[in-house]
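A quick write-up on the structure given underneath.
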Amino acid sequence: MESLSKLSGIISFVHAARLGSFTAAARLIDVTPAAVSKNVAALEASLGVRLMNRTTRSLSLTAEGTLFLSQAQLALESLEQAVESLTTAKSNPVGLVRMSVPNVIGRRLLMPVLPDLLALHPGLNVELDFDDRLVDFVQEGYDLVVRGGTIHDSSMISRSLGPLKLGLVATPDYLKKFGVPKQPGDLSKHKLISRRFLGSKLSPWTFHQPDGKVFLFEPRSTAITLSDPEAMIQAALSGLGIAEVGIYLAWEHLQSGALKLILHDSHDPGAFELMLQYPHRALLAPRVRATADFLLEVLRNHEGLRVNSEQLKRYAV
């Protein structure tokens, strides 16, 4: 099998494996499905091993195919990066950057800075998917993923954009009417705004006690239960009660005086991080590196992410 023909087989195989069908792979590389099938069959014949099991409805990799895909995909990425490095100066990156971000983080943190990114690098095109689910880099073709929380994934490069601190907030009018809680136990007498995660689990509020123990408070006497962080801010601003929210979401309202921090000295702000993730690669494409470096520089300087506990005290009651 000639080297060029073998390369066509590898390209067809990698795209078919990633996309799950010959038809989808054919659309991507602009050939016919029959050509993709023929290329993969010729590659298997050359290697002397079956890489895929085919049915009329689906494709599945053999054990040998899975092993071959992991190596072939890295090789193709290196070739693509080599071509991009020669045709694109690092100071002027061009091309499409696909990102996946959670809904509220995308709206509140990324959308405001995208105009500056595109002004700095006019050759870039950004595709931003607002999605709270976990994504598969390989299968879905993302270049960058932004996620909040506690991240454990050794297969990815993870870089912190800043801490996602939590705080308890309420309006001055609410506190004037119902009083300011002085200790966590007082919260049971208040109207609370709770957050419900997937699986119908309420998020508990964590406090540090003077003796060093941790106290978990279940917000049961709720005025309203919500699943969207931005809606919780809106509910708090409407005077519906006390809510636990991300400081980056509440920051402008704390500064304006529309919201006040409650039990700041004992409430645990959490250990969550806003993370930028991308796959392990020896050579990161200039378009991806430029986008990653920009987000790291800009978001690490975001006031709502870098504000510390001492600075927050001025907004506490």
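The values are calculated or read from the model by the stated rules, or taken from the named source; none is laboratory data. Everything quoted here is computed from the prediction, not taken from an experiment. Counting neighbours? That spans all protein chains shown, and the Cβs are built from the backbone with ideal geometry, glycine included. Note: accessible area is taken over every heavy atom of the protein model, side chains too, but ligands, DNA and RNA are not part of it. Shrake-Rupley method; radii C 1.70, N 1.55, O 1.52, S 1.80 Å.
Yes/no matrix, rows are residues, columns are (1) outside the structural domain of R107 (by the TED database); (2) farther than 15 Å from G148 by Cβ; (3) under 24 Å from the mean Cα position of the chain (by Cα):
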position: S221; (1), (2), (3): yes, yes, no
position: M232; (1), (2), (3): yes, no, yes
position: E244; (1), (2), (3): yes, no, yes
position: Y248; (1), (2), (3): yes, no, yes
position: H253; (1), (2), (3): yes, yes, no
position: L259; (1), (2), (3): yes, yes, no
position: L284; (1), (2), (3): no, yes, yes
position: A290; (1), (2), (3): no, yes, yes
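Mind checking which residues of region 217-235 are at pLDDT 90 or above and over 23 Å from R133 (Cβ atoms)?
F217, I224, Q234, A235
For region 192-219, name all the residues that are in contact (Cβ under 8 Å) with a residue 24 or more places away in the chain and among the charged types (D, E, K, R).
R195, R196
Could you please tell me which pairs satisfy a Cβ distance under 9 Å, a separation of 6+ or placement on different chains, a first residue in region 58-86 that is charged (D, E, K, R) and surrounded by fewer than 16 Cβ atoms within 10 Å (Cβ to Cβ), and a second residue that is assigned to a helix (DSSP H, G or I) and at pLDDT 90 or above?
Note: pairs meeting the criteria are E64/L47.
Quickly run through region 62-71 and pick out the residues that are of a type outside the set (D, E) and closer than 16 Å to G48 by Cβ.
T62, A63, G65, L67, F68
What number of residues within region 73-109 satisfy the criterion of being modelled with pLDDT of 90 or more, aliphatic (A, V, I, L, M) and part of a helix (DSSP H, G or I)?
Looking only at that region, the number is 3.
When you check A42 against the structure, is it under 22 Å from Y142 (Cβ atoms), open to solvent by less than 50 Å² (accessible area, probe 1.4 Å), in contact (Cβ under 8 Å) with a residue 40 or more places away in the chain and not basic (K, R), yes or no? First the steps, then the outcome.
Details: under 22 Å from Y142 (Cβ atoms): no; open to solvent by less than 50 Å² (accessible area, probe 1.4 Å): yes; in contact (Cβ under 8 Å) with a residue 40 or more places away in the chain: yes; not basic (K, R): yes.
No, not satisfied.
Considering only region 13-32, how many residues are in a helix (DSSP H, G or I) and over 11 Å from L76 (Cβ atoms)?
The qualifying residues number 11.
Of all residues in region 191-236 being open to solvent by 50 Å² or more (accessible area, probe 1.4 Å) and among the aromatic types (F, W, Y), which is farthest from I105 (Cα to Cα)?
The qualifying residue farthest from I105 (Cα to Cα) is F215.
Test Q255 against the stated conditions and say whether it is surrounded by fewer than 21 Cβ atoms within 10 Å (Cβ to Cβ), within 26 Å of V113 (Cα to Cα) and modelled with pLDDT of 95 or more.
Yes, satisfied.
Looking at region 271-317, which of the residues that are polar (S, T, N, Q) and open to solvent by less than 50 Å² (accessible area, probe 1.4 Å) is farthest from L161 (Cα to Cα)?
T291
I'd like the residue in region 33-72 that is small (G, A, S) and part of a loop (DSSP other than H, G, I, E, B) and, out of all such residues, is nearest to the chain's Cα centre (by Cα).
S58
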